[in-house]
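Notes to accompany the following structure.
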Amino acid sequence: MTPPLVHLGLHRTGSTWFQTRVLDGRDGRPVNACADRAESTRRLVLARDLDYDPSSTRDWAAEAFARAAREGHAPVMSNERFSGNPAAGWNDAERTARRIADAIPDAKVLLVVREQVDLLRSIWLQQIRIGGICGIEDFLRPPEPGDHRLPVPDPSFLMFDRYVDLLDEAFGRDRVLVLPFEMLRSDTEAFLARVTAFSGIPMPAPADAGPVYAAPSLLWSAVMRRVNLLSCRTSLHRAPPFPWLHGPGKRLAGLAGRLATARGERRRRTRATTEIRRRLASFPVADSNRRLGERLSLDLADFGWCT
């Protein structure tokens, strides 16, 4: 029997594309065994330790894969929330990995990672898309001393070799496949061929290799985070003063985005990149990337990573 394949994400590494374009059941491709990601998140991620029931979670996972088998589908489960939430500093990634290893002990796992500067910029823009209000400096700013009321983005998680070591320990090194997002972006067929060879589950390349959520313009983002500050009620901003302004504000941001110039976008991108590099400078990211490259038998510098 083919072992289950559990895709952990990360956010902003093509996870939604993988779920909607690869795990769509067409042309011989598999189907996500638990397409209701809210359910897999609730069971494996969000439950407090005091409420978490390992036995019922194992039963739930076994039934999800058994149901997929009855319907003629390969055993695949994909949820980027399995690898943590960037806005919360990926703070539950390690706990969730151990829960998955306990609930699905024969699982193989797929993790997609991305060069850290590019990843942080993409995550920041995605946070604005879903209601965030921070500029890049505030998004990356560590909490004030003594202020640990809420978790915040934590660049130390982006030293990916440590997380991969944990996955190797939890699942077994031969059951962990880690691939760079840049491989997916540059050669989709080669990327999926690696996943197929590892999992034993055929994954033909879909016709559409384009992103599901392309990065918005930086001018759109500059306007939209101010719209969010005034009008968007989310867990990122719980009490906006003028929620009725959100619709008109989104239309205003859309207009601004269409007026963005290439020169202006380059200037904003350079500023964001400079701030991200400044924040990452206090972490030994290059050393981590070299260790990760050795683990993957890849020279990550070939994919634009700092080594």
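The values are calculated or read from the model by the stated rules, or taken from the named source; none is laboratory data. Keep in mind the model is a prediction, meaning the values are calculated, not measured. Counting neighbours? That spans all protein chains shown, and the Cβs are built from the backbone with ideal geometry, glycine included. The protein model used for the area step is the full one, side chains on, heavy atoms only, and it has no ligands, DNA or RNA in it. Shrake-Rupley method; radii C 1.70, N 1.55, O 1.52, S 1.80 Å.
So the values come out like this:
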{"quantity": "For Arg98: the one exception among (1) open to solvent by 10 Å² or more (accessible area, probe 1.4 Å); (2) closer than 26 Å to Glu275 by Cα", "calculated": "(2)"}
{"quantity": "Selected residue [under 28 Å from Tyr52 (Cβ atoms), touching a residue at least 24 places away in the same chain (Cβ under 8 Å) and either assigned to a helix (DSSP H, G or I) or of a type in the set (A, V, I, L, M, F, W, C) (or both)] from Val112, Val117", "calculated": "Val112"}
{"quantity": "Single residue of the stretch 243-263 satisfying the filter (out of contact with any helix residue (DSSP H, G or I) (no Cβ under 6 Å at 6 or more places or on another chain), assigned to a helix (DSSP H, G or I) and not aliphatic (A, V, I, L, M)) that is farthest from Pro216 (Cα to Cα)", "calculated": "Trp244"}
{"quantity": "Of all residues making up the stretch 35-57, the number that are under 22 Å from the mean Cα position of the chain (by Cα) and surrounded by fewer than 23 Cβ atoms within 10 Å (Cβ to Cβ)", "calculated": "12"}
{"quantity": "Residue that is most open to solvent (accessible area, probe 1.4 Å) [pool: residues in the stretch 101-120 that are more than 22 Å from Ser156 (Cβ to Cβ) and of a type outside the set (Gly, Ala, Ser)]", "calculated": "Pro105"}
{"quantity": "The stretch 209-240 - residue that is at pLDDT below 95 and of a type in the set (Ser, Thr, Tyr) and, of those, surrounded by the fewest Cβ atoms within 10 Å (Cβ to Cβ)", "calculated": "Ser235"}
{"quantity": "The one condition in (1) open to solvent by 50 Å² or more (accessible area, probe 1.4 Å); (2) modelled with pLDDT of 95 or more; (3) not aliphatic (A, V, I, L, M) that Ser282 fails to fulfil", "calculated": "(2)"}
{"quantity": "Filtered residues of the stretch 29-88 (kept if within 24 Å of Asp154 (Cα to Cα), in contact (Cβ under 8 Å) with a residue 60 or more places away in the chain and outside any loop (DSSP other than H, G, I, E, B))", "calculated": "Ser78, Glu80, Arg81, Phe82, Ser83, Pro86, Ala87, Ala88"}
{"quantity": "Scan of the stretch 241-275 for residues that are within 18 Å of Asp138 (Cα to Cα) and either open to solvent by 100 Å² or more (accessible area, probe 1.4 Å) or more than 24 Å from the chain's Cα centre (by Cα) (or both), ordered by number", "calculated": "Arg269, Arg271"}
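Here's the yes/no breakdown for (1) in contact with a Phe, Trp or Tyr (Cβ under 7 Å, 6 or more places away or on another chain); (2) without any contact (Cβ under 8 Å) to a residue 12 or more places away in the chain; (3) farther than 20 Å from Glu294 by Cβ:
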residue	(1), (2), (3)
Ile130	no, no, yes
Gly135	no, no, yes
Leu140	no, no, yes
Pro151	no, no, yes
Asp154	yes, no, yes
Leu166	no, no, no
Glu182	yes, no, no
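Yes/no matrix, rows are residues, columns are (1) among the charged types (D, E, K, R); (2) in contact with a strand residue (DSSP E or B) (Cβ under 8 Å, 6 or more places away or on another chain); (3) on the phi < 0 side of the Ramachandran plot; (4) modelled with pLDDT under 95:
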residue	(1), (2), (3), (4)
Thr96	no, no, yes, no
Ala103	no, no, yes, no
Leu111	no, yes, yes, no
Arg114	yes, yes, yes, no
Arg121	yes, no, yes, no
Trp124	no, no, yes, no
Gly131	no, yes, no, yes
Asp147	yes, no, yes, yes
